[in-house]
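Before any comments, here is the structure.
The values are calculated or read from the model by the stated rules, or taken from the named source; none is laboratory data. Being a predicted model, the structure only gives us computed values, none of them experimental. Virtual Cβ from ideal backbone geometry, glycine too; neighbours counted across all protein chains shown. Just the protein is used for accessible areas: all its heavy atoms, side chains included, with ligands, DNA and RNA removed. Shrake-Rupley method; radii C 1.70, N 1.55, O 1.52, S 1.80 Å.
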Amino acid sequence: MNVPFVLANPDLDKDFLAGATEAGLTTLEGHRSVGGMRASIYNAMPEAGVDALIDFMADFEKRKA
Amino acid sequence: MSRLYNFSAGPAMLPETVLHQAQAEMPDWHGSGASIMEMSHRGKEFVSVAAEAEQDVRDLLGVPVNYKVLFLQGGASTQFATIPMNILRGKSKADYIVTGAWGKKAVSEAKKYCAVNVAASSESDNFTSIPAFESWALNQDAAYVHYTPNETIGGVEFHWVPKIGEVPLVADCSSTILSRPIDVSLYGIIYAGAQKNIGPAGLTLVIVRDDLIGSVLPITPSVYDYAKQAEADSMVNTPPTYAVYIAGLVFKWLKAQGGLAAMGEVNRRKAGKLYAAIDGSDFYRNPVKNPLALG
C-alpha cells in the first residue's frame with residue numbers, strides 16, 4: 001500500500017516533486033528518515049490516480065533522462 | 001473545484017462520495033435538525049450510527065463472533081502501549097518482529113510493560129526485507145507475537161500470515177486494513193489507526209479475541225482497558241462521534257464497491273502497475289526487495 005521509489009539521479013528529486021504537484025499529484029515526498037519518493041495507494045486512491053502518476057513519471061523521464 | 005490525487009501516507013484521501021454525503025448531511029442529519037457531531041453519544045441516533053459501523057466492519061472482514069470490535073482513540077501508537085497492558089495475562093515476555101520504523105516504535109513502547117524479545121529484525125538491511133520465517137527466534141512462553149504487516153515508511157509488506165502456533169498473533173494493520181480480505185481468526189488482535197483506509201485521524205480500530213481480555217495490568221487506565229471498553233460499547237468516555245460517523249460512511253462505500261474481494265483486486269492492480277513502471281525503467285528504482293512476492 002506504500003510504494004517507495006527513488007530517482008537514479010537524486011538531484012532531480014525537487015524537480016520531480018514540483019512537477020508532480022503541478023500535475024495535481026501531491027505528497028509524494030518520502031518519509032524524512034529515508035528520502036526519495038513514496039506513493040501511498042490506499043483504498044480511496046482511485047486507479048485513475050495511479051495511472052496519472054505513471055503517466056507523469058514516464059513524461060518526466062522523457063524530459064529529463 | 002478539482003480534487004487532487006494525494007499520495008500521502010496519512011491522513012490520506014477519502015472517497016469523494018463520502019465527503020459529499022458528509023457535507024450534505026452535516027447541518028441536519030437525516031432530518032433530525034442537528035449535526036451528528038452535536039448529538040449525545042448516548043442518544044438513539046448516534047448509538048445506531050455506531051452499532052451500524054461495528055456491524056459493517058464485522059460484515060466486511062468476516063469477524064468471528066468471539067471477537068470484540070472496538071472504536072478507540074489515540075491512533076495505533078497508543079495501542080503500542082495498551083496491547084501489553086491488556087494481553088500479557090500474567091506472562092512477562094512478548095515477541096516482536098521488526099521490519100520497519102513502526103515495529104521498532106512498538107518495541108520501545110512495549111519495553112515499558114514487559115520483556116521484549118525481538119525475534120526477528122531486518123534493521124541491518126535498512127528495513128528493505130522480511131527475515132526468513134525459519135530464522136525467527138520465537139519464545140513458546142511469549143504472551144503474544146507482534147508484527148507490522150505493512151510498514152509505511154520503508155514499504156515492506158507481508159503477503160503471508162506467520163503460522164506461529166498457539167501464541168496469539170498481534171498485527172498493526174494500519175496500512176492494509178480493509179484493503180483485501182483477511183482471515184481474522186488467525187489473529188489475537190488486529191488494530192489500525194484510521195487515517196489511511198478508514199477515516200479521520202484519531203479514531204483507532206481494535207479487533208480482539210475474547211479470551212485475551214479481562215486481565216489488564218493494574219496500572220491500566222480505564223479508557224485503555226479493552227474489556228471495559230467492550231462492556232461499554234467503546235463508550236467508557238465520550239467517543240470521537242464524528243470520526244465514527246465518517247468511518248461508517250466509508251464502510252458503506254466499501255460495501256458498495258463490492259467489499260474487500262473487489263477492493264483487493266483493484267489494490268493489487270494499482271500496486272502491480274506502479275511497481276511495473278518503476279521496475280521497467282532505469283530512471284527509477286525501488287528499494288524494497290520482492291515487494292509483491294507471495295512468499
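Could you tell me which residue of region B:116-150 is modelled with the lowest pLDDT, considering only residues that are within 14 Å of chain A (Cβ to nearest Cβ) and part of a helix (DSSP H, G or I)? Break it down stepwise before answering.
Keep residues of region B:116-150 that are within 14 Å of chain A (Cβ to nearest Cβ), which gives B:122-123, B:125-129, B:148-150.
Checking the rest, the ones that are also part of a helix (DSSP H, G or I) come to B:123, B:125.
Working: B:E123: 96, B:D125: 92.
The residue in question is B:D125.
Taking the stated definitions as given, is A:G19 in contact with a Phe, Trp or Tyr (Cβ under 7 Å, 6 or more places away or on another chain) and more than 9 Å from chain B (Cβ to nearest Cβ)? Steps first, answer last, please.
On the way: in contact with a Phe, Trp or Tyr (Cβ under 7 Å, 6 or more places away or on another chain): yes; more than 9 Å from chain B (Cβ to nearest Cβ): yes.
Here the answer is yes, as A:G19 does meet what is asked.
Which numbered condition trips up B:D211, out of (1) closer than 16 Å to A:Y42 by Cα; (2) surrounded by fewer than 18 Cβ atoms within 10 Å (Cβ to Cβ); (3) charged (D, E, K, R)?
Every listed condition holds for B:D211 apart from (1).
Has region B:171-190 got at least one residue that is more than 30 Å from B:T17 (Cα to Cα), touching a Gly at 6+ places or on another chain (Cβ under 9 Å) and outside any strand (DSSP E or B)?
Yes, there is a match, as at least one residue in region B:171-190 is more than 30 Å from B:T17 (Cα to Cα), touching a Gly at 6+ places or on another chain (Cβ under 9 Å) and outside any strand (DSSP E or B).
Cβ-Cβ below 7 Å, separation at least six or inter-chain, first residue in region B:101-115 and within 12 Å of chain A (Cβ to nearest Cβ), second polar (S, T, N, Q) and open to solvent by less than 20 Å² (accessible area, probe 1.4 Å): which pairs?
Pairs that qualify, where the first residue is within 12 Å of chain A (Cβ to nearest Cβ) and the partner is polar (S, T, N, Q) and open to solvent by less than 20 Å² (accessible area, probe 1.4 Å), are B:W102/B:T148; B:W102/B:T152.
Going through region B:248-257 one residue at a time, which ones are away from chain A (no Cβ under 12 Å) and more than 16 Å from B:H30 (Cβ to Cβ)?
Within region B:248-257, the first condition is being away from chain A (no Cβ under 12 Å), and the residues that meet it are B:248, B:252, B:255-256.
Result: B:K255, B:A256.
Going by the conditions given, is B:V161 of a type in the set (A, V, I, L, M) and not in a loop (DSSP other than H, G, I, E, B)? So that I can check it myself, show each step before the final result.
Values: of a type in the set (A, V, I, L, M): yes; not in a loop (DSSP other than H, G, I, E, B): no.
So B:V161 fails the test.
So which residues in region A:26-48 are over 23 Å from B:I198 (Cβ atoms) and facing chain B (nearest Cβ under 7 Å)? Break it down stepwise before answering.
Keep residues of region A:26-48 that are over 23 Å from B:I198 (Cβ atoms), which gives A:29-30, A:32-37.
Within region A:26-48, A:S33, A:V34 qualify.
Could you pull out the residue among B:P11, B:P64 that is touching a residue at least 40 places away in the same chain (Cβ under 8 Å), within 29 Å of A:P4 (Cβ to Cβ) and open to solvent by 10 Å² or more (accessible area, probe 1.4 Å)?
Result: B:P11 is the single residue among B:P11, B:P64 that is touching a residue at least 40 places away in the same chain (Cβ under 8 Å), within 29 Å of A:P4 (Cβ to Cβ) and open to solvent by 10 Å² or more (accessible area, probe 1.4 Å).
Being open to solvent by 50 Å² or more (accessible area, probe 1.4 Å), of a type outside the set (S, T, Y) and either at positive phi or out of contact with any helix residue (DSSP H, G or I) (no Cβ under 9 Å at 6 or more places or on another chain) (or both) is true for just one of A:D51, A:D59, A:D15, A:D11. Which residue is that? I'd like the intermediate steps shown before the answer.
Values: A:D51 fails: either at positive phi or out of contact with any helix residue (DSSP H, G or I) (no Cβ under 9 Å at 6 or more places or on another chain) (or both); A:D59 fails: either at positive phi or out of contact with any helix residue (DSSP H, G or I) (no Cβ under 9 Å at 6 or more places or on another chain) (or both); A:D15 fails: either at positive phi or out of contact with any helix residue (DSSP H, G or I) (no Cβ under 9 Å at 6 or more places or on another chain) (or both).
From the options A:D51, A:D59, A:D15, A:D11, the qualifying one is A:D11.
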